[in-house]
Amino acid sequence: MELLSDYQVSVIRQVWILLLYYPLVSVIYYANSKSVTQSAHGVLALAGFFYAVIACEFTEFAPPDYWYWPIYICAALALASVLYSFKAFKGKKVVHLIHAVTLVSVLLSNFVALMAVSHDWV
């Protein structure tokens with residue numbers, strides 16, 4: 001019995017570098033802020049992507065809309081955490097430069113996650 005199907009592995013290969021980046025960015029923010037809410041953006045984006053990797057096994061033929069909302073919620077919460085960290089962060093503001101990459105990566109992994117669940121690749 002395989003842990004992941006070939007389709008799930010191919011989904012992960014699309015954005016594998018982000019699976020390393022998300023925990024790293026959360027650890028960097030947590031080390032500087034000691035606040036879970038200010039550092040949750042990486043973990044939230046990762047949760048949405050892993051949900052899609054699991055859900056794609058059950059959504060092969062025209063999935064209903066309820067399969068998509070957890071991906072949208074995780075992406076919205078990740079982006080809200082990014083905005084919150086801008087406002088609430090008390091340390092050196094130079095750490096916010098990492099958010100240029102974080103914003104693009106959240107949108108990219110959300111896009112790949114939605115394609116994986118819908119089985120409709122561009």
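Read-outs: derived from the displayed coordinates by stated rules, not from any lab. The shown structure was predicted, so the numbers you read here are calculated from the model rather than taken from an experiment. A quick note on method: Cβ atoms are made from the backbone with ideal geometry, for glycine too, and the neighbour counts reach across all protein chains shown.
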Using only the alpha carbons of the chain, determine the length spanned along each of the three principal axes and report them from longest to shortest in whole angstroms.
-> 48, 27, 25
Treating the Cα atoms of the range 58-98 as identical point scatterers in vacuum, please give the log10 of the normalised Debye intensity I(q)/I(0) at q = 0.18, 0.31, 0.34 Å⁻¹, two decimals.
-> -0.62, -1.02, -1.08
Indicate the gyration tensor shape class of the range 63-122 (rounded, prolate or oblate), computed on the Cα atoms with a ≥ b ≥ c the square roots of the eigenvalues: a/c under 1.5 is rounded; otherwise a/b larger than b/c is prolate and the rest oblate.
-> oblate
Rough spin-label spacing in nm, given labels placed 7 Å along Cα→Cβ, for residue 96 and residue 120 | 3.8
Span-like helix ranges in the chain, DSSP H, alpha carbon extent 20 angstrom or more, Kyte mean at least 1.6 | 41-55, 99-118
